[in-house]
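J.: Please read through the structure below; I'll follow up with questions.
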Amino acid sequence: MKFYKDKNELDTLLSGVVEISEGKVSIIDKEKIRERLIDSLVYNSVFNKDPNLRKVTRSLIREIGTYFGIVPSSIHSFYLEKGKGKYLNMTVPAINIRGLTYDIARAVFSSAKKLDVGAFIFEIARSEMEYTEQAPDEYACVVIGAGIKEGFSGPLFIQGDHFQIRKRLPNDIENLKVLMKESIDAGFYNIDLDTSVLVDLGKLGVYEQQRPNFEAAAILCSYIRDIEPEGITISLGGEIGEIGGKNSTEEELREYMRGFLNSLPEGKIGISKMAVQTGTVHGGIPLPDGGVADVALDFETLAHLSSICKEYGLAGTVQHGASTLPIELFDKFPETDTAEVHLATEFQNMVYELIPDELSERIYSYLKEACASERKETETETQFIYKTRKKAFGPFKKDFWNLSEDIRKNIREKLADKFSIIFERLKVSNTREIIQSTVCS
């Protein structure tokens, strides 16, 4: 893919396709944009060495996206309807993309168009932004570019996943506010407030254990309400149990909500969903032979806590770390009225299965050195690589993006098939009209 040398070269490529007059973008040839221009714009928005050209191309992608009807949106109003008892038998998939973002987002849009899906979310966690080297503005523009390429139009949900307080950093809440402002400016109108790491099990009583959690969440929620764009209520989620810990309980949910609502300034809109722990672990548990251990996910807890969420007007529970579960279990999420399920690692695993051995070998060699301190004495090399290979998406970003079109097309097609199965299992096929009516009304 060619890099633009300067603004004049970009203007020459735009001639006859896109017209810019007094800062306003007009589209002359929609087909040429999709056939050849958008690929180049997206690539330069990520990799061009000139920060000004990256900025210009990102702005242009946004403008073109607006022309095509791609609108960064909040899913809040849809979740309010779920909280009232509507749209019960569907679960919204939230899809984390760690690498090959343009191609994987294209696969998501392709499947969504085929099945007329409107209820789906693109997301990236705070930690993922760092190790995959994807800042919020870059991620959002790449996803919008993929939507343009695949002919998508309508509300686009981009989410900050696990915007987590880091206990090891003093006053990290201020760092998180900076990230939130940057993300909202980029079009992240959906954010998960993960302050659950602050839960203090050394305190007496569940309310006091949850106090640091709900107080920090209330501070962040209030901050977001103060800075969110006019006319947009950003969708926010809370979390009561750290993923990988013990299963969440009704008492924890009720005490969190009691404290959160009491801590939230009067007149401020709160959260619309709640992440809980039900037995999963992010990425699954790798076995010595390279497989992933079966997980006994507690669907009864999901169902019960979702019903409790409704009492507070929330859409229901959020399930993290589910992508490596057997696909036949995905039917259980709509059945238990799970509002949202977060999916990441399985898509990463599929990408690694489909890239050339030469690239895999270079990545694994890098990980053995760069991540050596993370290896446990009890781990096999296979387990170590499985656990750490997500951290190669940043250092090898350009290697992934520069794979041949044949390889990337194969990845897109395989992942599109996977996304289609997931959409059907989660019962979000034919939800485009529902999303349009609830989000755009």
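J.: Can you list the residues of the range 350-376 with backbone N under 13 Å from a point 7 Å past the Cα of Asp417, pointing along Cα to Cβ?
T.: 354
J.: Another one. Peptides 30-36, 272-278: what's the order by average Cβ count within 10 Å, highest mean first?
T.: 272-278, 30-36
J.: At a Cα cut-off below 25 Å, give the lysines reachable from Lys268, other chains included and same-chain residues fewer than 8 away excluded.
T.: The qualifying lysines are Lys82, Lys84, Lys86, Lys177, Lys181, Lys310.
J.: With N set to the number of residues, divide the alpha-carbon radius of gyration of the range 7-67 by 2.2 N^0.38 Å and report two decimals.
T.: That works out to 1.02 for the range 7-67.
J.: Could you pull out the trypsin sites (Lys or Arg not before Pro) across the range 366-415 that fall in loop regions by DSSP (anything but H, G, I, E, B) with no more than 13 other Cβ atoms inside 10 Å?
T.: The qualifying sites are Lys376.
J.: Just to be sure I understand the model, the point goes 7 Å from the Cα along the line to the Cβ. What's the resulting Glu358 to Glu250 distance in nm?
T.: With each label point 7 Å from Cα toward Cβ, the separation is 6.1 nm.
J.: Based on the Cα atoms of the range 330-388, what semi-axes does the equivalent ellipsoid have, where each is the square root of 5 times one gyration tensor eigenvalue, given in whole Å with the largest first?
T.: Equivalent ellipsoid semi-axes, largest first: 31, 16, 9 Å.
J.: What is the sum of charges, Lys and Arg at +1 and Asp and Glu at -1, for the other residues whose Cβ falls under 14 Å from the Cβ of Ser263?
T.: It works out to a net charge of 0.
J.: When the distances between all Cα atoms of the chain are binned every 10 Å from zero, what whole-number percent does each bin get?
T.: Distribution as computed: 4, 21, 32, 27, 13, 3, 0 percent.
J.: Continuing with this model, one more query. Report, in degrees rounded to the nearest 10, the 0 to 90 angle that the Cα long axis of helix 250-263 makes with the longest principal axis of the chain.
T.: Long axis of 250-263 versus the principal axis of the chain: about 70 degrees.
J.: State, as an integer percentage, the relative contact order of the chain based on alpha-carbon contacts under 8 Å between residues 6 or more apart.
T.: Once divided by the residue count of the chain, the mean separation gives 21 percent.
J.: Let me ask you something else. Can you work out the PRE-style zone for Arg258? Point 7 Å along Cα to Cβ, and I want the residues of the range 197-211 with backbone N under 15 Å.
T.: Within reach of a label on Arg258, which here means backbone N under 15 Å from a point 7 Å along Cα→Cβ, the range 197-211 contributes 204-211.
J.: Take the alpha-carbon positions of the range 356-401, form their convex hull, and give its projected area averaged over all directions (one quarter of the hull surface) in nm².
T.: The orientation-averaged projected area of the Cα hull of the range 356-401 comes to 3.1 nm².
J.: Give me the distance between the Cα centres of the range 321-357 and the range 48-102, rounded to whole Å.
T.: One Cα centre to the other: 20 Å.
J.: Please give the calculated 222 nm ellipticity per residue for the chain, where each DSSP H segment of at least 4 residues contributes -39500 (n - 2.57) and the sum is spread over every residue; nearest 500 deg cm²/dmol?
T.: About -15000 deg cm²/dmol.
We did not get these values from a lab; they are worked out from the coordinates using the rules stated. Here the structure is a predicted model, which means the values were calculated and not measured. Using ideal geometry, Cβ is built from the backbone for each residue, glycine included, and neighbour counts are taken over all protein chains shown.
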